[in-house]
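J.: Have a look at this one before I ask anything.
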Amino acid sequence: MKRHEFITLIDDLLLPNAINDYCPNGLQVEGSDQITKVITGVTASQALIDEAIKRNADCILVHHGYFWKGESQPITGIKMRRIKSLLTHNINLLAYHLPIDIHPTLGNNAQLGNILNVSDIRSHSSLKPSGIVMFGELAVEIDATSFQKQIMTALHRDVLHVSGSSNKLINRVAWCTGGGQGYIDACAELGIDAFISGEISEQTTHSARELDIHYFAAGHHATERYGVKALGEYLNETCGIDVEFVDIHNPA
């Protein structure tokens with residue numbers, strides 16, 4: 001498939017131009033005009049690039065790419081080595097940040113809800129862009145310790161739990177993957193029993209206790225593996241292109 005056709009296919013699905021993001025979405029580093037093998041992953045690290053080279057890929061598709069607002073602009077050090085590897089091996093780098101978080105079926109938030117068996121998944125209507133926070137219900141009420149174990153089993157990692165003040169049972173849950181811990185306050189209006197994100201901040205503990213909401217920090221990388229993986233599987237099924245997900249271990 002031609003590069004421009006591949007990008008158009010993704011753009012029509014994720015609608016990146018409708019979102020004000022912290023980085024450029026779409027093609028970040030230009031490589032081969034023809035795309036036959038795609039590696040997907042969370043972050044365009046050197047380790048992922050090296051795997052793409054080993055597997056003879058001509059495109060890497062990630063959630064975390066380059067050129068973030070506020071980052072140092074000179075192409076030196078780590079950034080130079082990564083980009084040099086891509087250019088030397090003629091590999092395209094495509095990155096979609098918020099568009100992969102918020103897609104209603106393939107996005108990180110939607111996929112995490114599915115993995116945790118949450119039903120009646122909806123977007124928080126007051127928060128923009130739509131889909132940045134989702135919420136739903138568990139099939140049955142569950143105690144916090146059991147829910148913590150459920151998340152750990154689903155994501156294959158340790159999960160930090162901060163108990164709400166009453167240590168109530170959990171039925172209604174809201175979440176934002178990655179660094180979305182700050183949304184816990186805005187979600188109190190939903191009447192949730194628990195909030196999940198990837199990271200915890202100092203103030204998150206106080207919000208959880210004072211709002212009486214269980215909080216679970218399940219890992220930035222761990223909660224954001226599934227959107228780009230689902231996107232790659234969709235592209236494989238719809239256009240027949242060879243897409244392979246590579247999970248570079250990250251304990252964060």
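Read-outs: derived from the displayed coordinates by stated rules, not from any lab. Just so we're clear, the structure is a prediction, and the values are computed from it rather than from any experiment. All Cβ positions, even for glycine, are placed from backbone atoms using ideal geometry, and neighbour counts span all protein chains on display.
J.: Place +1 on the Cβ of every Lys and Arg and -1 on the Cβ of every Asp and Glu in region 1-127, take the dipole about the Cα centre, and give the residue among Ile10, Pro74, Ala57 whose Cα lies farthest towards its positive end.
T.: Pro74
J.: Then there's this: Between Gln73 and Ser146, how high is the FRET efficiency from 1/(1 + (r/R0)^6) when r is the Cβ-Cβ distance and R₀ = 45 Å? Nearest 0.05.
T.: It comes to 0.40.
J.: So, one more: Run down the lysines and flag those whose C-alpha is under 20 Å from the C-alpha of Lys128, throwing out any fewer than 8 positions away in its chain.
T.: Here the lysines satisfying the reach criterion relative to Lys128 are Lys69.
J.: Right, next: Can you list the residues of region 112-138 with backbone N under 14 Å from a point 7 Å past the Cα of Asp12, pointing along Cα to Cβ?
T.: Zone members listed by number: none at all.
J.: Moving on to the next point. Pick the calculated Cα extents along the principal axes in Å for this structure from (1) 57, 38, 32; (2) 52, 35, 35; (3) 56, 38, 37?
T.: Comparing each candidate, only (1) matches the computed number.
J.: In whole Å, what three semi-axes, largest first, describe the equivalent ellipsoid of region 60-138 built from its Cα gyration tensor (square root of 5 times each eigenvalue)?
T.: Rounded to whole Å, the semi-axes are 34, 14, 9.
J.: Oh, and also: Ile19: net charge of surrounding residues, Cβ under 13 Å, Lys/Arg +1, Asp/Glu -1, itself excluded?
T.: -2
J.: For a 32 Å ceiling on Cα separation, which of these pairs sit above it: Lys54/Lys149; Lys79/Lys229; Lys2/Lys229; Lys149/Lys229?
T.: Among Lys54/Lys149; Lys79/Lys229; Lys2/Lys229; Lys149/Lys229, the Cα-Cα distance tops 32 Å for Lys54/Lys149.
J.: Next question, about the same structure. 222 nm [θ] for the chain, helices only, -39500 (n - 2.57) per DSSP H run of 4+, per residue, to 500?
T.: One gets -10000 deg cm²/dmol as the mean residue ellipticity at 222 nm.
J.: Two decimals is fine: what's Rg over Rh for region 138-228, C-alpha atoms, Kirkwood radius as Rh?
T.: 0.93
J.: Over the alpha-carbon set of region 177-252, work out the extent along each principal axis and list the three values in angstrom, largest first.
T.: Over region 177-252, Cα extents along the principal axes are 50, 27, 14 Å.
J.: Rg and Dmax of region 124-184, Cα atoms, in Å?
T.: 12.6, 32
J.: Now a separate question. So what is the diffusion coefficient of region 6-120 in µm² per second by Stokes-Einstein at 10 °C and 1.306 mPa s, using a Kirkwood Rh over Cα pairs?
T.: Roughly 106 µm²/s, to the nearest whole number.
J.: Identify which of Gln28, Gln111, Gln181 has the largest mean-square fluctuation in a Gaussian network model of the chain, with springs joining Cα atoms closer than 10 Å.
T.: Gln28
J.: Something else about it: Taking the chain as a Gaussian network, Cα atoms linked when under 10 Å apart, which of Gly191, Gly164, Gly41 shows the biggest mean-square fluctuation?
T.: Highest fluctuation among the options: Gly191.
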